[in-house]
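Accompanying notes for the structure given below.
Any read-out appearing in this document is the output of simple, stated calculations on the displayed coordinates, not a laboratory observation. Note that this is a predicted model, so its numbers are computed, not measured. Here the Cβ positions follow ideal geometry from the backbone for every residue, glycine too, while neighbour counts run over all protein chains shown.
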Amino acid sequence: MYGGLHSAGPLPTPGALVDLAREFTPRVEAFGSTPVLLDLQGLGRAWPSPRALGEALLEAARLRCHEPHVALAGSRVAALLVSQGREGLTVLAPGEEAAALAPLPLSLLALDPEREETLRGWGLRTLGDLAALPATGLAERLGPDAPRLRRLARGEDDAPLVATPRPESFACTLELEWPVDGLEPLSFILARVLEPLCARLVERGRRAVSLALELGLVDGSVHRRALHPAAPSSDPRTWRTLLLLDLEIHPPRDAIQALTLRAEPTPARIVQFSLLDPAQPSPERLAETMARLHEWTASGRGGAPVLLDTHRPGAFVMGSFAPGPFAGSRAPQGPPRIALRVFRPPRPAQVSLREGVPVFVSAGAVRGAVLDLAGPWRASGDWWDVAWSREEWDVALAGGIYRIFRDRLREAWFLEGELD
Amino acid sequence: MPSALKHTLEDLLRVRRLQADAPPLRGQDRRLSPLSTGVAVVDDLLGGGLPRGQLSEVHGPPSAGRTGLVLALTTRITRAGALAGWVDPRDRFDPGTAAGAGLDLARLLWLRGRAGPPRALPEAVAATGTLVGSGLFDLVVLDLAGIPAVEIQRLPGATWIRLQRMIESTPAALVLVGDAHVAHGPGGACLAMAPGSPRWSGPPGPGRLLRGLASELRTGRHALRPVVFELGGASGAPPRPPLAPRE
């Protein structure tokens, strides 16, 4: 037995009829906000007769919406169409479906306009007219779908009910009996909230792409934080660590009385691991590590350097550290290279020259006669923007080999770094 | 056909196992293979490379080749697909020369210290602990070169023991780069480097290049005979044509 529930009037909320139907049975198929189809199998134990069940359904519907229509029938399509076509309560006994549907208008089948126009051209106005057509030749005239439409018009429907899933909500609220002050006691409470929340995510094959935390404080205010880690996760330990690290940086200004966590779900990450490629870092652990280094990364002092497309020496920006999949590369050949240990900013230097060649360098602790040297190497660029022009020398002093340069625009010498 | 595929797969796995510097396969115990520097004489001296799960150190005066050697190690690690961390309290690392040496900058997490504040070194040590404890990195470098010894001695006495204990349970190697001996683990390497003579490309004058820098390396307290190797020309320097002398 199926039940059709339809509202001809406006609904207080789009999901009002679905919510009402779920109070009677968990198996509900919604076609938009109205109509709603209910699977009433097994409800005979609670109501003595189908009419009593229909009356209970109608009475409950009258409290929620205007002009509710209820129909109970043995087939899905009969319950749905009769509920849309007849006011009040209609209970159809087995075998009465075709007769009940016959006077209803053809438009209830929601045909496409072209086909409906064709049927109207043939003089068909009601479902009964369509049901009375001979089955022979119908498919040739109206298309392969026509026999099914004829069966629907007769109230014959063997399609199963496809239950509409409940909307997923991944939120958890906890009211505390006593206010909590400090992060250490909060960590235990977070674990209590996060573990069921993450378990629910895993059950649905989901991960949380972000987490919103609302802390209700004793002073009546709400402390809100939102976390968007580099990778989605459903690991409660990772989320707890990330939340605690974030709260360490942005602590609430008063004791906590209530907390709410809302997770934004996303489908679980499916990764096909390679047998031959090196193991890649776990995104969850990487996100946790970067959160621990927040003080470095937030101030632009931590990350992966990215070289800029310019000849200006030392031009780079700090990018976020998010190593992608390994593309494979060969180890460099040949001896190791001399590295430059730069001074930021370059240290001003006093350089004595003889015939245009440095013979003595003094830049703070780096000081001495030039024992040997290479240079000069001149470079310049960005004349259209912030111009630079320099003359480089690699000089060997008693304490090491250094790179110095003369800024040709400012006519000043600088110690750029140490070659090591 | 399936047997041919099976043979191909077995051959691939065999080749990968025989390569000493091949990145570890999934599930492979990485602690067994040391980190090769790519410098044959140094790897021979160390028995294959720097040990994993240990605190090692590379120290010496300026221009001894400390940074060049550690940069070569970092380059090999990043080019093999692993991650490396470079903690730099004095902000001395130059990404341009590192990229010139072949380092994959996307696989290097560089933490730059703030110039000046007295907490720069303790912050850097704490960040080193975070990198080591994460288990994500095959190599973590803490660059202490240029930091006065008195500032290093101001760190709590258990700092290096704590780092050694942290790294023991990971497949990573922690390397200190310094001006003088600071600390190393019981199984870690202690490489003392001294500058050799630089090699120039020709007689003094325009167009001359710094071609190489010899470096002497000793390991252990009782090693008397140093190993000598050479670092190549200044890394990262783009090819530059010789200029006429300045008028």
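Observations on the structure shown:
- Cut-off 9 Å between beta-carbons: net charge of the residues surrounding B:THR37, Lys and Arg +1, Asp and Glu -1: 0
- Furthest towards positive pole of dipole, B:HIS184, B:ALA40, A:LEU58, structure part the protein assembly as shown, Cβ charges: B:ALA40
- Within chain A, longest stretch clear of exposed GluC sites (Glu not before Pro) (DSSP loop, no more than 12 other Cβ within 10 Å): A:169-354
- Subtracting the Cα-Cα distance of A:ALA365 and A:ALA163 from 0.36 nm times their residue separation leaves 64.8 nm of extension gain.
- Pairs of Cα atoms nearer than 8 Å and 6+ residues apart set the relative contact order; for region A:171-267 it is 46 percent.
- Evaluating 6.51 cos²θ - 1.76 cosθ + 1.60 at θ = phi - 60° for every residue in region A:361-373, the Karplus couplings come out as 10, 9, 9, x, 6, 8, 7, x, 6, 7, 8, 7, 7 Hz, glycine and proline recorded as x.
- When region A:171-267 is described by a simple charge dipole with +1 on each Lys and Arg Cβ and -1 on each Asp and Glu Cβ, the residue from A:PRO232, A:TRP178, A:LEU261 located farthest towards its positive end is A:PRO232.
- Residues with amide H under 5 Å from that of A:ALA412, placed H, sequence gap 5 or more: A:ASP407
- Site pair A:GLU87 and A:ALA132 shows an inter-label distance of 2.7 nm when each label is modelled 7 Å from Cα along Cα→Cβ.
- The simple spin-label model puts a point 7 Å past each Cα toward its Cβ; for A:ARG51 and A:LEU244 those points are separated by 6.6 nm.
- Cβ neighbours within 10 Å from other chains - mean over B:80-86: 5
- Classified by the C-alpha gyration tensor, region A:2-153 has a prolate form. Its axis ratio a/c, with a ≥ b ≥ c, is 1.5 or above, and a/b is larger than b/c.
- Net charge dipole size for region A:280-379 [Lys, Arg +1 and Asp, Glu -1 on Cβ; Debye, nearest 20]: 240
- Taking every C-alpha pair closer than 8 Å and separated by at least 6 residues, the mean separation divided by the residue count of region B:29-192 gives a relative contact order of 36 percent.
- Using θ = phi - 60° and Karplus 6.51 cos²θ - 1.76 cosθ + 1.60, couplings along region A:40-49 (whole Hz; Gly, Pro as x): 9, 4, x, 7, x, 6, 8, 10, x, 9
- Net charge dipole size for the protein assembly as shown [Lys, Arg +1 and Asp, Glu -1 on Cβ; Debye, nearest 20]: 1920
- Rg/Rh for region B:29-192, where both radii come from Cα atoms and Rh is the Kirkwood radius: 0.92
- Counted over all Cα-Cα pairs of the protein assembly as shown, pairs farther apart than 40 Å make up 53 percent.
- Within the shell of other residues whose beta carbon sits under 11 angstrom from the beta carbon of A:THR310, the net charge comes to -2, with Lys and Arg scored +1 and Asp and Glu -1.
- Environment charge of B:ARG107, counting only residues whose C-beta is closer than 13 Å and scoring Lys/Arg +1, Asp/Glu -1: 0
- Exposure proxy for A:ASP309, A:ASP19: other Cβ atoms within 10 Å of each Cβ, ordered fewest to most, give A:ASP309, A:ASP19.
- Normalised convex hull volume, region A:340-419, alpha-carbon set, Å³ per residue: 90
- Relative contact order of region A:340-419, taken over Cα pairs closer than 8 Å and 6 or more residues apart, is 30 percent.
- Exposure proxy for A:TRP122, A:TRP388, B:TRP86: other Cβ atoms within 10 Å of each Cβ, ordered fewest to most, give A:TRP122, A:TRP388, B:TRP86.
- For a modelled paramagnetic label at B:ASP44, 7 Å from Cα along Cα-to-Cβ, no residue of region B:182-202 is in reach, as no backbone nitrogen comes under 11 Å.
- Computed extension length for A:SER389-A:ALA230: 53.2 nm, one decimal, from 0.36 nm per residue of separation with the Cα-Cα distance subtracted.
- Overall form of region A:162-303 per C-alpha gyration tensor (a/c, 1.5; a/b vs b/c): oblate
- Estimated FRET transfer efficiency when R0 is 22 angstrom, pair A:LEU11-A:ALA110 (beta carbons, to 0.05): 0.70
- For the protein assembly as shown, the antiparallel share of DSSP beta bridges with both residues in that region comes to about 75%.
- Whole-Å distance, taken between Cα centres, linking region A:17-51 and region A:123-153: 30
- Estimated dipole of region A:2-153 in Debye, rounded to 20 [Cβ of Lys and Arg +1, of Asp and Glu -1, Cα centre]: 220
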